[in-house]
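The values are calculated or read from the model by the stated rules, or taken from the named source; none is laboratory data. Remember, predicted model here, so these are calculated numbers, not experimental data. All Cβ positions, even for glycine, are placed from backbone atoms using ideal geometry, and neighbour counts span all protein chains on display. Only protein heavy atoms, including side chains, enter the accessible area calculation; ligands, DNA and RNA are left aside. Shrake-Rupley method; radii C 1.70, N 1.55, O 1.52, S 1.80 Å.
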Amino acid sequence: MGVWMLLVRKEGREALRSRWFLLTAGSFALIALALAVFSMIGSGYIGLAGFGRTAASLVNLSMLLASLMGLGLGALTWAVERESGTLAYLLSYPISRTQVFLAKAAGGAMALAVAMGLGFGVTGLGIGLGGGLGGPEEIGRYAGLAAGATWLSWIAYGIGMAIGVGLRRQSTALGVTLIAWLVAVFLSDLSLMGLAWAVGISPSWLWWLTLLNPLHGFRILAMVMLNGSPDLLGPAGWFAWRTYGEALGPMLWGTMGAWLLLAVGIAAFRFRGLRDSGL
């Protein structure tokens with residue numbers, strides 16, 4: 001246990017010092033606070049926005065930057081060590097591959113939780129000082145949004161680890177990461193829109209196809225937590241709310257949990273399959 005905790009602290013420190021992590025985490029915190037400050041310009045005065053308007057903006061910001069942050073950090077976790085040769089050196093010690101993998105997973109997850117906590121914490125403090133958080137209910141919904149965004153970053157981190165474990169260079173890892181992110185964020189939306197228009201698929205099929213993308217799952221979950229229903233997301237969201245009602249929130253949390261287990265499981269399987277000569 002002592003060796004494992006040393007590994008976890010090592011991986012956490014390295015994740016926090018990663019330039020990719022510092023860039024994306026800093027960008028998230030600054031943009032989140034800027035959203036709270038400037039979204040009230042159109043209301044006739046300058047100040048910190050209230051909960052509803054800022055939280056709605058944070059949904060899309062979290063979907064974009066939390067996923068990008070996790071994907072890049074997960075891919076670089078392996079690529080940096082494989083390129084420098086330190087992964088083979090680490091595995092030469094009397095520790096198992098399982099310990100190494102779990103330490104990397106835990107260290108990265110803690111770093112992402114710190115980043116998301118900083119971004120949402122600073123923004124929430126600003127909203128609260130400006131009188132935007134009206135009471136315990138809004139505070140709870142804001143905390144739920146922060147938890148969902150953190151969970152999304154962990155899913156992206158697991159997917160990034162699954163991608164990066166087979167890559168040897170940082171430049172390749174970042175390139176593949178950006179392509180995967182673009183596909184998840186933009187091309188999947190365009191594909192679903194084109195499919196719905198060309199084939200005329202039913203709302204039920206559109207709903208299940210939407211759940212194949214964890215980013216869409218997070219967005220729907222966020223709308224459920226903030227507004228009580230995902231009606232604003234179109235026919236798929238309306239169908240889900242009418243079909244599952246109050247069970248929709250737990251269902252979406254379960255789906256995101258399944259995504260996390262799948263991503264981490266694939267990454268662990270690929271890591272165990274690496275040959276020593278290929279490290």
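Each of T86 and R19 was given a label point 7 Å from its Cα along the Cα-to-Cβ line. The distance between the two points is 1.5 nm. The slack between S171 and E137, meaning 0.36 nm per residue of separation minus the straight C-alpha distance, is 7.8 nm. Once both labels are positioned 7 Å from their Cα atoms along Cα-to-Cβ, the gap between N60 and Q99 label points is 4.8 nm. Taking the accessible area of region 70-171, probe 1.4 Å, and keeping the other protein chains in place, the carbon and sulfur fraction comes to 68%.
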